[in-house]
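Participant: Handing you this structure, nothing more for now.
The values are calculated or read from the model by the stated rules, or taken from the named source; none is laboratory data. None of these values were measured; they are calculated from a predicted model. Glycine gets a Cβ as well: all are built from the backbone with ideal geometry, and neighbour counts include every protein chain shown. The protein model used for the area step is the full one, side chains on, heavy atoms only, and it has no ligands, DNA or RNA in it. Shrake-Rupley method; radii C 1.70, N 1.55, O 1.52, S 1.80 Å.
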Protein chains: 2
Amino acid sequence: MDENTGGLSGLFAPERVAVIGATESEGSIGRAITRNLQDDFAGETVPVNPNYDDVLGLDCYPDVDSVPGELNLAIVVVPPKIAVEAVRQCGEAAVRNVVVITAGFGETGSEGASRERELTEVARQYDLNLVGPNSLGVMSTPSGLNATFGPENALPGSISFMSQSGAFITAVLDWANDEGIGFKDVVSLGNKAVLDETDFVEAWGEDPDTDVILGYLEGVEDGGEFIESARRVTDDTPIVMVKSGRTEAGAQAVSSHTGTLAGSEQAYEAGLEQAGVLRVDNVQELFDFAQILSGQPLPDSDDVAIVTNAGGPGVMTTDAVGDSNLSLASFTDETLESLSEAMPEEANIYNPIDAIGDADIERFEEALDIALADENVGCAVVLSAPTAVIDFDDLARVITDLQAEHGKPVASVLMGGERTESAKEVLREGGIPNYFDPARAVRSLDALSRYREISRREYEDPERFDVDRERAREILERAEERGDNRLGVEAMGLLDAYGIPTPEGTVAADPEEAVAAAQDIEDEVVMKIVSPDILHKSDIGGVKVGVPPEDVYDAFEDLVTRARNYQPDADILGVQVQEMVDLDAGTETIIGMNRDPQFGPLLLFGLGGIFVEILEDTETRVAPVSEREATEMVEGIRSAPLLRGARGRDPADREAIVESLQRLSQLVTDFPAILELDVNPLVAGPDGVQAVDVRLTVDTDEL
Amino acid sequence: MDENTGGLSGLFAPERVAVIGATESEGSIGRAITRNLQDDFAGETVPVNPNYDDVLGLDCYPDVDSVPGELNLAIVVVPPKIAVEAVRQCGEAAVRNVVVITAGFGETGSEGASRERELTEVARQYDLNLVGPNSLGVMSTPSGLNATFGPENALPGSISFMSQSGAFITAVLDWANDEGIGFKDVVSLGNKAVLDETDFVEAWGEDPDTDVILGYLEGVEDGGEFIESARRVTDDTPIVMVKSGRTEAGAQAVSSHTGTLAGSEQAYEAGLEQAGVLRVDNVQELFDFAQILSGQPLPDSDDVAIVTNAGGPGVMTTDAVGDSNLSLASFTDETLESLSEAMPEEANIYNPIDAIGDADIERFEEALDIALADENVGCAVVLSAPTAVIDFDDLARVITDLQAEHGKPVASVLMGGERTESAKEVLREGGIPNYFDPARAVRSLDALSRYREISRREYEDPERFDVDRERAREILERAEERGDNRLGVEAMGLLDAYGIPTPEGTVAADPEEAVAAAQDIEDEVVMKIVSPDILHKSDIGGVKVGVPPEDVYDAFEDLVTRARNYQPDADILGVQVQEMVDLDAGTETIIGMNRDPQFGPLLLFGLGGIFVEILEDTETRVAPVSEREATEMVEGIRSAPLLRGARGRDPADREAIVESLQRLSQLVTDFPAILELDVNPLVAGPDGVQAVDVRLTVDTDEL
């Protein structure tokens, strides 16, 4: 057995495959799969069906147990009512890999859902690698395995592709065969009752024959696990994905399509980025990126040389470079000298190099050779409009030869219709994509550059600070004892326990305690009513600012009276007596967290007030975050210059904000019971930060 | 002669065409053009060349004057040195339309530039419609006119296409012929010595055979004129354009390609939008939009129905709708009832309609028919993955028939390769574009909707306020007399003359005048040094705020001393004594103008401080602006909610801001001498605005 695809080699490189439910009925899935296997599979196909002695000329067995010898893979196409039993039989017969094509499980309602749970249990019991149910099947080109009922087989290649939509696979194969795009493995994930995207990311990450992993996903089963696996895999193998259901309407469509509740788009955006996935929005980019990543080397630098015989398309390409993370290469003096010798006077030797309309193949060759030899050039786009003096096939050969010679990535834009067809084949042989639209060429090179950065990322472990976890637990447990699941300023101790600076203060249960607390603070204080039943304290006059020591007693009583007037049966814990924080001495920021169903704790950072609420200028990351990630959050907001001291402000202590985010990350990771938490404001002054207020929601069952 | 293309009918629909410089030399442009004309042109081709008696079997004449009978069009391909003379002879011989193919003019340096000026003069003298020089030529399919030296003729169609890059035309035609995309007229603009984009926009706007105008431009010659023409034309005919040189690098590439200085991207963005042009960034959208605009009707509403046999692609389409200005249609109860009768139980009858994988052609037809009949549906996307039960040709016929029956626009996504080819032809016959990528289908429908809005726009004339233009002129003239071209607070009178509210105040020439001015104001005042040599008054302590009446005298002397210390030879005009404006009583905004080389006065609006400087949250429009446009500026900034009273602020008097913008628009339109002007801040309170400071640059030669 081939060890290539890690733990899933039996799935993609089996020697003997059973088709449970193989039939000869015209138009049946059982026949289509048996036929597809028979046509191209290098191993042995074994039909299983108690009603046949042979199927399409192959010996047929009544059940897997009766099949002599070892079976590596079983494809299950029997009706849903007996599919679970068929899978159990696979387990008993030690068939470790099973693809359940049969539909009628979780996607169809409560009966199907309970059937799917049963299926998962059986698979777990026998430790099966189970794909599906409701899957189109799997393919693997090295062994000619086509265990799908689709009409098309895949061309061989080095792209491995998973899809949560079977129809999308059918469509893509039909198109890819036409475009000459090949695949290593293809899997239709179906309902993901057992194997999910993370399993395939891991398997393909270990597969030397997979150069690029592609995915069409409508959801990720376990975000944290996915991030961890993808981070490891993307050191060597790029992952490009469409995650659909991005928009509100799309998420609704996903839920009616697959019956799963989509997590928040914000979480996917952050999570997939943190995982190192190149996320794309459309099918075109999915395959544009796949092709260039599988065919071209990574650029050493982001400086693009453009070589063209047509000024206009050269300008369009330059604009596309301006839109991307790439930049236009500045040629060395040596390059400029060589170009000015090689090119006619009317040519433009500065980047973009315009060899002008009468450029023959030799001039094109010289220009590209000189450009690629320049140490300031990381990659190149070659453009040609159709002219009387250029044969596209010749030019394609020149491009592939020079690309191979210099080892720098090249994208090609031979602009035309029919006349580019054979040239495209030459380019494809050399792993070079060709586009009519220069913008696509540049975006593809940009993807190479982005992947280079991903592959070089060092994922530091999140820092673990020395915190008082027990004290935090006690605070949460006290809330549980009170039956409160919404906490406010009385939970400031949580932040303090985790080392996030808070103003001095305490919750006083009576006026005397309040006076004592104010005496400790030795200054005017802020007083806030503390009640889980009163969320908007300011609205009912439940906050008093700048209370002098002599007024503290009366203020306590007044706050309690107001609260009682507002809500006679409110549960009043007391009054928070807090040191005054000068809001004007710093910048108000917000740090917070909410918990996503797929990705878990999602941290948020932004500047307070209008910046979050009106300009929606926030950064989010899935926790736990490393120092680098927390720093990216702080530096990533549009209004970050304000923290750096723009317009004559004092620069805020950004390191202290970063540390607070890391400590918050640790808190919410340690306590899954915290469902939501907002520190608003976290005032960031020139020397440190202070958390002035906090609100959180707790799931006391999780404690 | 055909009257279709307005004043340019002789250019696109000539009866007799002379080729000046026709030859038989293999590989020559003169031969290629003569051959192209001979092959397909329905009219007569007349070679002109003193060295031949006949060219390619056609009688050849020594010069245009010797040609018997009327000539409508001359194509000039003689060398640059004699090209101007050849054009003059055309003028003498009353050949009104001339295309100069010859290169070696403005694009090549100073000698060429002076030759181009000469060419323009000759053309003006004889009132010639002159295309080029440095043009690839012109095409018009109704008469088979191909007066270019390109290798391809165009297919007939209703798209008229102008391009500032000849190579781009060659590339596009090769590709378009393959895709079955046809054209009415094609023109290579060349150096635009006489006819430019505005002329073709006007001509095609009057041409009933042109359904869509396409352009690839690197610059617009006269922005104001272009806006005016395009506005008129886009009432009936959509204009779709790539304007390249968008990015800094791209603009530089344009300038080395065509030798023209590009205007600012901001001006193009504003100007093309105000003109009603659908601007696109890449070639693909240029033709995607052209095809759907020429083939499909405009939708009555933006509500999209999606009909599919594949859930995944349906979700991708829904996401694309979410990204666009369109929205997912909500079906009526009647529709839902019909669908639930027609569809199997497993189907999804809510939008997107998923007829599921086993949908045959009848089910597809019913679903689409029901959806298009729904009054809540404005347009539709039909998607199909390849399945065993669907023949794409049949489905294409169903789609075209139902589109025609219901008269609502439809985009098609038959997903596949080779197997979609013949279906695409069926769809093309029905004017329906097909895409592999659902996102392109949705963006194309979105373009239809955007054009519907453009076609319905009412362009109000800019309001003309009753202003004191003479007083404004005097202020500018006094600056001229002083030799100042940078004015500051001493020019507040300009704003006052145009009805933009300013605080009470005056420039005092001595301490006594200052004291008198302060007495008039009857309160504390602001005092600012007034000197064209001191731009940053605050930096040198040249501003005093809250000066009580008794301190005004001393303050005057102190300000002048500071200015003298800072710059002993500074020209000091005096001290501005101004009423105090309470900046906290309103929101600081900025209104301003700078003058673009192509589009003229470009107005800017934004909130003051960080909003403009750090968040770059501004809106710009080419002046003069109507009330609607000024309102769009104020409402269009991201931070607009702050003006509407977000977060407990007093709402600002937005009508007063809008009026100030209109008045500023009138001021800068009336006085081209004002090169730049900034009112910063314009404080917008709940009841009106006040311009607190102003700076402007004046070109005194323009007065």
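Participant: In the range A:535-581, which residues are of a type in the set (A, V, I, L, M), open to solvent by less than 60 Å² (accessible area, probe 1.4 Å) and free of Cβ contacts under 8 Å to residues at least 60 places away in the same chain?
Facilitator: So in the range A:535-581, the residues of a type in the set (A, V, I, L, M) come out as A:535, A:540, A:543, A:545, A:547, A:552, A:555, A:559-560, A:563, A:570, A:572-573, A:575, A:577, A:580-581.
Those left that are additionally open to solvent by less than 60 Å² (accessible area, probe 1.4 Å): A:540, A:543, A:547, A:552, A:555, A:559-560, A:563, A:570, A:572-573, A:575, A:577, A:581.
Residues satisfying the conditions are A:Ile540, A:Val543, A:Val547, A:Val552, A:Ala555, A:Leu559, A:Val560, A:Ala563, A:Ala570, A:Ile572.
Participant: Just to be sure I understand, how many residues within the range B:669-687 are out of contact with any Lys or Arg (no Cβ under 9 Å at 6 or more places or on another chain) and either open to solvent by 30 Å² or more (accessible area, probe 1.4 Å) or outside any strand (DSSP E or B) (or both)?
Facilitator: Step one: of the range B:669-687, the residues out of contact with any Lys or Arg (no Cβ under 9 Å at 6 or more places or on another chain) are B:669, B:673, B:681-683, B:685-687.
From the residues that got through so far, the ones that are either open to solvent by 30 Å² or more (accessible area, probe 1.4 Å) or outside any strand (DSSP E or B) (or both) too are B:669, B:673, B:686-687.
Number satisfying all stated conditions: 4.
Participant: Something else: Name the residues in the range A:334-358 that are over 46 Å from the mean Cα position of the chain (by Cα) and either outside the structural domain of A:Thr387 (by TED's automatic domain parsing) or within 22 Å of A:Asp319 (Cα to Cα) (or both), would you?
Facilitator: If the condition is that a residue be over 46 Å from the mean Cα position of the chain (by Cα) and either outside the structural domain of A:Thr387 (by TED's automatic domain parsing) or within 22 Å of A:Asp319 (Cα to Cα) (or both), then no residue fits.
Participant: Under 27 Å from A:Glu458 (Cβ atoms) and open to solvent by 20 Å² or more (accessible area, probe 1.4 Å): which single residue out of A:Gln690, A:Gln662, A:Gln598, A:Gln666 fits that description? Don't jump to the end; show me each part of the working.
Facilitator: On the way: A:Gln690 fails: under 27 Å from A:Glu458 (Cβ atoms); A:Gln662 fails: open to solvent by 20 Å² or more (accessible area, probe 1.4 Å); A:Gln666 fails: open to solvent by 20 Å² or more (accessible area, probe 1.4 Å).
It is A:Gln598.
Participant: Within the group A:Asp461, A:Asp520, A:Asp468, A:Asp484, which residue is closer than 18 Å to A:Leu573 by Cβ, of a type in the set (D, E, K, R) and either out of contact with any Ser or Thr (no Cβ under 9 Å at 6 or more places or on another chain) or away from chain B (no Cβ under 14 Å) (or both)? Don't jump to the end; show me each part of the working.
Facilitator: Details: A:Asp461 fails: closer than 18 Å to A:Leu573 by Cβ; A:Asp520 fails: closer than 18 Å to A:Leu573 by Cβ; A:Asp468 fails: closer than 18 Å to A:Leu573 by Cβ.
Just a single option satisfies the conditions, and that option is A:Asp484.
Participant: Can A:Ile529 be described as within 22 Å of A:Val668 (Cβ to Cβ) and either in a strand (DSSP E or B) or within 29 Å of the chain's Cα centre (by Cα) (or both)? Break it down stepwise before answering.
Facilitator: On the way: within 22 Å of A:Val668 (Cβ to Cβ): no; either in a strand (DSSP E or B) or within 29 Å of the chain's Cα centre (by Cα) (or both): yes.
So A:Ile529 fails the test.
Participant: Only one of these conditions is not met by A:Ala355: (1) open to solvent by less than 30 Å² (accessible area, probe 1.4 Å); (2) at pLDDT 95 or above. Which number is it?
Facilitator: (2)
Participant: Is it the case that the range A:223-230 has a residue that's in a strand (DSSP E or B), touching a helix residue (DSSP H, G or I) at 6+ places or on another chain (Cβ under 9 Å) and either open to solvent by 10 Å² or more (accessible area, probe 1.4 Å) or at the interface with another protein chain (Cβ under 10 Å from one of its Cβ atoms) (or both)? It would help to see each step written out before you state the result.
Facilitator: In the first step, residues of the range A:223-230 are kept if they are in a strand (DSSP E or B); the result is none.
Within the range A:223-230, not a single residue is in a strand (DSSP E or B), touching a helix residue (DSSP H, G or I) at 6+ places or on another chain (Cβ under 9 Å) and either open to solvent by 10 Å² or more (accessible area, probe 1.4 Å) or at the interface with another protein chain (Cβ under 10 Å from one of its Cβ atoms) (or both).
Participant: Of the residues that make up the range B:609-618, is at least one in the same structural domain as B:Ser660 (by TED's automatic domain parsing), out of contact with any Ser or Thr (no Cβ under 8 Å at 6 or more places or on another chain) and assigned to a strand (DSSP E or B)? Break it down into steps so the answer makes sense when it comes.
Facilitator: Our first condition is that a residue be in the same structural domain as B:Ser660 (by TED's automatic domain parsing); within the range B:609-618, this holds for B:609-618.
Applying the additional criterion that residues be out of contact with any Ser or Thr (no Cβ under 8 Å at 6 or more places or on another chain) yields B:609, B:613, B:616, B:618.
Then drop every residue that is not assigned to a strand (DSSP E or B), which leaves B:618.
Looking through the range B:609-618, at least one residue is in the same structural domain as B:Ser660 (by TED's automatic domain parsing), out of contact with any Ser or Thr (no Cβ under 8 Å at 6 or more places or on another chain) and assigned to a strand (DSSP E or B).
Participant: Quick check: anything in the range A:438-451 at pLDDT below 90 and touching a helix residue (DSSP H, G or I) at 6+ places or on another chain (Cβ under 8 Å)?
Facilitator: no
Participant: Another question about this same structure. Where in the range B:426-515 are there helices (runs of 4 or more DSSP H), lying fully within it, with 3 or more residues that are out of contact with any Cys (no Cβ under 7 Å at 6 or more places or on another chain), of a type in the set (Gly, Ala, Ser) and open to solvent by less than 50 Å² (accessible area, probe 1.4 Å)?
Facilitator: Details: elements: B:438-456, B:469-482, B:492-497.
Those helices (runs of 4 or more DSSP H) span B:438-456.
Participant: For the range A:487-503, state whether one or more residues are under 21 Å from A:Val689 (Cα atoms), at pLDDT 90 or above and of a type in the set (D, E, K, R). Walk me through how you get there before you give the answer.
Facilitator: Start the filter on the range A:487-503 by keeping residues that are under 21 Å from A:Val689 (Cα atoms), which leaves A:488-503.
From what is left, the residues that are at pLDDT 90 or above are A:492-503.
Filter once more, so that each one left must be of a type in the set (D, E, K, R): A:496.
The answer is yes; a qualifying residue exists.
Participant: Assigned to a loop (DSSP other than H, G, I, E, B), under 19 Å from A:Gly250 (Cβ atoms) and among the aliphatic types (A, V, I, L, M) - does that describe any residue in the range B:323-333? Break it down stepwise before answering.
Facilitator: To start, the set of residues in the range B:323-333 that are assigned to a loop (DSSP other than H, G, I, E, B) comprises B:324-326, B:329-332.
Restricting the remaining residues to those that are under 19 Å from A:Gly250 (Cβ atoms) gives B:324-326, B:329-331.
If we keep only those that are among the aliphatic types (A, V, I, L, M) as well, we get B:326, B:329.
The answer is yes; a qualifying residue exists.
Participant: A further question follows. Within the range B:134-151, work out how many residues are more than 21 Å from A:Glu418 (Cβ to Cβ), of a type in the set (S, T, N, Q) and open to solvent by 10 Å² or more (accessible area, probe 1.4 Å).
Facilitator: Number satisfying all stated conditions: 2.
Participant: Let me ask something else about it. With B:Pro344, B:Pro313, B:Pro386 as the choices, which residue is outside any loop (DSSP other than H, G, I, E, B), open to solvent by less than 60 Å² (accessible area, probe 1.4 Å), at pLDDT below 95 and within 14 Å of chain A (Cβ to nearest Cβ)? Before the answer, list the steps.
Facilitator: Values: B:Pro344 fails: outside any loop (DSSP other than H, G, I, E, B); B:Pro386 fails: outside any loop (DSSP other than H, G, I, E, B).
The conditions single out B:Pro313.
Participant: Taking into account only those residues within the range B:625-642 that are within 11 Å of another protein chain (Cβ to nearest Cβ) and assigned to a helix (DSSP H, G or I), which is surrounded by the most Cβ atoms within 10 Å (Cβ to Cβ)?
Facilitator: Within the range B:625-642, the subset within 11 Å of another protein chain (Cβ to nearest Cβ) is B:637-642.
With assigned to a helix (DSSP H, G or I) added as a condition, the list becomes B:640-642.
On the way: B:Ala640: 18, B:Pro641: 15, B:Leu642: 20.
Filtering first and then ranking leaves B:Leu642.
Participant: How many residues are outside any helix (DSSP H, G or I) and surrounded by fewer than 17 Cβ atoms within 10 Å (Cβ to Cβ) if we restrict to the range B:92-115? Walk me through how you get there before you give the answer.
Facilitator: Taking the range B:92-115 as the starting set, the residues that turn out to be outside any helix (DSSP H, G or I) are B:93-105, B:109.
Still in the list and also surrounded by fewer than 17 Cβ atoms within 10 Å (Cβ to Cβ): B:94, B:109.
Total meeting the criteria: 2.
Participant: Now for a different question. Could you tell me which residue of the range B:582-595 is nearest to B:Leu217 (Cα to Cα), considering only residues that are open to solvent by less than 50 Å² (accessible area, probe 1.4 Å) and assigned to a strand (DSSP E or B)? Lay out the reasoning, then the answer.
Facilitator: Applying the first criterion (open to solvent by less than 50 Å² (accessible area, probe 1.4 Å)) to the range B:582-595 yields B:586-587, B:589-593.
Filter once more, so that each one left must be assigned to a strand (DSSP E or B): B:587, B:589-593.
On the way: B:Thr587: 40, B:Thr589: 35, B:Ile590: 32, B:Ile591: 30, B:Gly592: 28, B:Met593: 25 Å.
It comes out as B:Met593.
Participant: Right, here's the next one. Taking the criterion of being aliphatic (A, V, I, L, M) and part of a loop (DSSP other than H, G, I, E, B), would at least one residue in the range B:1-10 satisfy it?
Facilitator: Start the filter on the range B:1-10 by keeping residues that are aliphatic (A, V, I, L, M), which leaves B:1, B:8.
Subset that is part of a loop (DSSP other than H, G, I, E, B): B:1.
The answer is yes, given that some residue of the range B:1-10 is aliphatic (A, V, I, L, M) and part of a loop (DSSP other than H, G, I, E, B).
Participant: Follow-up question, since we're still on this one. Quickly run through the range A:209-218 and pick out the residues that are open to solvent by 10 Å² or more (accessible area, probe 1.4 Å) and small (Gly, Ala, Ser).
Facilitator: Initially, the range A:209-218 is screened for residues open to solvent by 10 Å² or more (accessible area, probe 1.4 Å), giving A:209, A:211.
Result: no residue meets the conditions.
Participant: Here's a follow-up. Please determine, by comparing only the residues of the range A:2-35 that are on the phi > 0 side of the Ramachandran plot and surrounded by fewer than 22 Cβ atoms within 10 Å (Cβ to Cβ), which one is modelled with the highest pLDDT. Break it down into steps so the answer makes sense when it comes.
Facilitator: Taking the range A:2-35 first, the residues on the phi > 0 side of the Ramachandran plot are A:6, A:21, A:27.
Cutting the leftovers down to surrounded by fewer than 22 Cβ atoms within 10 Å (Cβ to Cβ) gives us A:6, A:27.
Values: A:Gly6: 49, A:Gly27: 85.
Here the residue is A:Gly27.
Participant: A further question on this structure: Residues being hydroxyl-bearing (Ser, Thr, Tyr), within 8 Å of chain A (Cβ to nearest Cβ) and open to solvent by 10 Å² or more (accessible area, probe 1.4 Å): count how many of those fall in the range B:152-174.
Facilitator: Going residue by residue through the range B:152-174, those that are hydroxyl-bearing (Ser, Thr, Tyr) are B:158, B:160, B:163, B:165, B:170.
Going one step further and asking which of them are within 8 Å of chain A (Cβ to nearest Cβ), we end up with B:163, B:165, B:170.
Checking the rest, the ones that are also open to solvent by 10 Å² or more (accessible area, probe 1.4 Å) come to B:170.
Residues that pass the stated criteria total 1.
Participant: Among the residues of the range B:326-341, how many are within 13 Å of chain A (Cβ to nearest Cβ) and either more than 15 Å from B:Ala367 (Cβ to Cβ) or among the charged types (D, E, K, R) (or both)? Spell out the reasoning first.
Facilitator: From the range B:326-341, those within 13 Å of chain A (Cβ to nearest Cβ) are B:326-330; that's our starting set.
Among the residues that remain, those that are also either more than 15 Å from B:Ala367 (Cβ to Cβ) or among the charged types (D, E, K, R) (or both) are: B:326-328, B:330.
Residues meeting the conditions: 4.
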